[in-house]
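The values are calculated or read from the model by the stated rules, or taken from the named source; none is laboratory data. Quick caveat: nothing in here was measured; it's all calculated off a predicted structure. Here the Cβ positions follow ideal geometry from the backbone for every residue, glycine too, while neighbour counts run over all protein chains shown.
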Amino acid sequence: MQWYLKALKQYADFGGRARRTEFWMFVLVNVVISIVLGIVDTATGTANAYAVGGMASYSPGILGGLYALAVLIPSIAVTVRRLHDTDRSGWWFLIQLIPIVGGIVLLVFACLEGTRGPNRFGADPKHEVMAGQQPEAPPMPV
(Lines give C-alpha, C1' and ligand atoms only; values in the text may rest on other atoms or scores of the structure.)
Protein backbone atom coordinates (compact mmCIF):
# COMPACT_ATOMS: atom_id res chain seq x y z
CA MET A 1 0.00 0.00 0.00
CA GLN A 2 2.95 2.32 0.69
CA TRP A 3 3.98 2.12 -2.98
CA TYR A 4 0.47 3.06 -4.11
CA LEU A 5 0.41 6.05 -1.77
CA LYS A 6 3.91 7.07 -2.88
CA ALA A 7 2.74 7.16 -6.50
CA LEU A 8 -0.34 9.17 -5.53
CA LYS A 9 1.77 11.66 -3.58
CA GLN A 10 3.88 12.16 -6.70
CA TYR A 11 0.68 12.47 -8.77
CA ALA A 12 2.05 14.99 -11.27
CA ASP A 13 5.79 14.35 -10.90
CA PHE A 14 7.00 13.27 -14.33
CA GLY A 15 10.67 13.60 -13.38
CA GLY A 16 12.84 11.06 -11.67
CA ARG A 17 12.64 7.29 -11.64
CA ALA A 18 10.24 4.64 -10.34
CA ARG A 19 11.24 1.11 -9.36
CA ARG A 20 9.42 -1.91 -10.75
CA THR A 21 7.95 -2.52 -7.31
CA GLU A 22 6.45 0.96 -7.16
CA PHE A 23 4.96 0.67 -10.65
CA TRP A 24 3.52 -2.85 -10.33
CA MET A 25 2.13 -2.32 -6.83
CA PHE A 26 0.40 0.82 -8.11
CA VAL A 27 -1.05 -1.20 -11.00
CA LEU A 28 -2.14 -4.03 -8.67
CA VAL A 29 -3.92 -1.74 -6.22
CA ASN A 30 -5.58 0.10 -9.12
CA VAL A 31 -6.91 -3.17 -10.55
CA VAL A 32 -8.25 -4.33 -7.17
CA ILE A 33 -9.94 -0.98 -6.49
CA SER A 34 -11.40 -0.93 -10.02
CA ILE A 35 -12.83 -4.43 -9.61
CA VAL A 36 -14.41 -3.54 -6.26
CA LEU A 37 -15.88 -0.32 -7.68
CA GLY A 38 -17.13 -2.25 -10.72
CA ILE A 39 -18.96 -4.68 -8.46
CA VAL A 40 -20.46 -1.81 -6.46
CA ASP A 41 -21.46 0.01 -9.66
CA THR A 42 -23.08 -3.12 -11.07
CA ALA A 43 -24.92 -3.77 -7.80
CA THR A 44 -26.26 -0.21 -7.70
CA GLY A 45 -27.22 -0.32 -11.38
CA THR A 46 -24.96 2.48 -12.62
CA ALA A 47 -22.74 0.15 -14.71
CA ASN A 48 -23.88 -1.75 -17.77
CA ALA A 49 -22.64 -5.00 -19.25
CA TYR A 50 -24.08 -5.91 -22.61
CA ALA A 51 -23.36 -7.83 -25.82
CA VAL A 52 -23.20 -6.13 -29.21
CA GLY A 53 -22.65 -8.21 -32.34
CA GLY A 54 -21.25 -11.15 -30.38
CA MET A 55 -18.81 -8.91 -28.47
CA ALA A 56 -19.20 -8.37 -24.74
CA SER A 57 -18.90 -4.80 -23.56
CA TYR A 58 -18.84 -3.11 -20.18
CA SER A 59 -19.49 0.52 -19.48
CA PRO A 60 -18.24 1.64 -16.07
CA GLY A 61 -20.53 3.24 -13.59
CA ILE A 62 -20.25 6.54 -11.78
CA LEU A 63 -17.79 5.37 -9.11
CA GLY A 64 -15.54 3.55 -11.58
CA GLY A 65 -15.53 6.51 -13.95
CA LEU A 66 -14.69 9.00 -11.20
CA TYR A 67 -11.91 6.76 -9.90
CA ALA A 68 -10.46 6.35 -13.41
CA LEU A 69 -10.39 10.12 -13.83
CA ALA A 70 -8.82 10.58 -10.39
CA VAL A 71 -5.90 8.22 -11.10
CA LEU A 72 -5.37 9.12 -14.77
CA ILE A 73 -2.54 11.64 -14.19
CA PRO A 74 -0.84 9.57 -11.43
CA SER A 75 -0.94 6.51 -13.72
CA ILE A 76 0.71 8.38 -16.57
CA ALA A 77 3.29 9.90 -14.19
CA VAL A 78 4.32 6.58 -12.61
CA THR A 79 4.58 4.99 -16.07
CA VAL A 80 6.80 7.83 -17.29
CA ARG A 81 9.00 7.50 -14.20
CA ARG A 82 9.18 3.73 -14.82
CA LEU A 83 10.34 4.41 -18.38
CA HIS A 84 12.94 6.81 -16.98
CA ASP A 85 14.25 4.01 -14.75
CA THR A 86 14.95 1.96 -17.89
CA ASP A 87 16.75 5.01 -19.36
CA ARG A 88 14.02 5.76 -21.88
CA SER A 89 12.27 9.05 -22.49
CA GLY A 90 8.74 9.46 -21.18
CA TRP A 91 7.62 9.99 -24.76
CA TRP A 92 7.82 6.20 -25.18
CA PHE A 93 4.50 6.22 -23.29
CA LEU A 94 2.86 7.17 -26.58
CA ILE A 95 3.93 3.89 -28.19
CA GLN A 96 0.79 2.33 -26.75
CA LEU A 97 -1.19 4.27 -29.36
CA ILE A 98 0.02 1.68 -31.89
CA PRO A 99 -2.63 -1.08 -31.76
CA ILE A 100 -1.62 -4.36 -30.11
CA VAL A 101 2.16 -4.04 -30.62
CA GLY A 102 2.49 -0.73 -28.75
CA GLY A 103 0.92 -2.07 -25.57
CA ILE A 104 3.13 -5.14 -25.66
CA VAL A 105 6.28 -3.03 -26.10
CA LEU A 106 5.28 -0.78 -23.19
CA LEU A 107 4.61 -3.87 -21.05
CA VAL A 108 8.08 -5.23 -21.86
CA PHE A 109 9.68 -1.88 -20.98
CA ALA A 110 7.80 -1.85 -17.65
CA CYS A 111 9.06 -5.37 -16.86
CA LEU A 112 12.72 -4.67 -17.62
CA GLU A 113 15.14 -4.03 -14.78
CA GLY A 114 16.10 -0.39 -14.37
CA THR A 115 19.57 0.83 -15.17
CA ARG A 116 21.96 0.39 -12.28
CA GLY A 117 23.41 3.54 -10.84
CA PRO A 118 22.47 7.05 -11.88
CA ASN A 119 21.25 7.75 -15.38
CA ARG A 120 20.18 10.94 -17.16
CA PHE A 121 16.89 10.96 -15.21
CA GLY A 122 18.33 10.75 -11.71
CA ALA A 123 19.80 8.51 -9.07
CA ASP A 124 19.05 4.80 -8.88
CA PRO A 125 15.89 4.48 -6.73
CA LYS A 126 16.81 0.94 -5.67
CA HIS A 127 20.18 2.13 -4.38
CA GLU A 128 18.54 5.02 -2.49
CA VAL A 129 16.18 2.66 -0.68
CA MET A 130 18.93 0.21 0.16
CA ALA A 131 21.17 3.01 1.42
CA GLY A 132 18.40 4.28 3.71
CA GLN A 133 17.81 0.92 5.40
CA GLN A 134 19.30 -0.03 8.72
CA PRO A 135 22.06 -2.63 8.38
CA GLU A 136 21.24 -5.99 9.84
CA ALA A 137 23.08 -7.07 12.95
CA PRO A 138 25.62 -9.83 12.34
CA PRO A 139 24.56 -13.27 13.61
CA MET A 140 25.59 -14.13 17.13
CA PRO A 141 28.37 -16.73 17.37
CA VAL A 142 27.22 -19.98 18.85
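Of all residues in region 40-65, those that are assigned to a helix (DSSP H, G or I) and surrounded by 13 or more Cβ atoms within 10 Å (Cβ to Cβ) total 7. Quick one: in region 6-20, of everything that is in a helix (DSSP H, G or I) and not basic (Lys, Arg), which residue is nearest to residue 83 (Cα to Cα)? Looking at the filtered set, the residue picked out is 7. Residues that are free of Cβ contacts under 8 Å to residues at least 24 places away in the same chain and among the hydroxyl-bearing types (Ser, Thr, Tyr) occur at least once in region 46-55.
If you go through region 60-82 and keep only what is small (Gly, Ala, Ser) and out of contact with any Phe, Trp or Tyr (no Cβ under 7 Å at 6 or more places or on another chain), you end up with 61, 64, 65, 68, 70, 75.
Among the numbered conditions (1) without any contact (Cβ under 8 Å) to a residue 24 or more places away in the chain; (2) exposed (fewer than 14 other Cβ atoms within 10 Å of the Cβ); (3) under 20 Å from residue 110 (Cβ atoms), the only one that residue 95 does not meet is (2). Looking at the structure I just gave you, is residue 94 modelled with pLDDT of 95 or more and either under 20 Å from residue 25 (Cα atoms) or under 20 Å from the mean Cα position of the chain (by Cα) (or both)? So residue 94 fits the description; yes. Screening residue 78 on (1) of a type in the set (Val, Ile, Thr); (2) closer than 17 Å to residue 111 by Cα; (3) more than 20 Å from the chain's Cα centre (by Cα) shows it passes everything except condition (3). Taking first residues from region 1-21 that are on the phi > 0 side of the Ramachandran plot and partners that are of a type in the set (D, E, K, R) and surrounded by 12 or more Cβ atoms within 10 Å (Cβ to Cβ), the Cβ contacts under 7 Å between residues at least 6 apart in sequence or on separate chains come to 16/81. For residue 104, the test of being touching a residue at least 60 places away in the same chain (Cβ under 8 Å), closer than 28 Å to residue 16 by Cβ and exposed (fewer than 15 other Cβ atoms within 10 Å of the Cβ) is failed.
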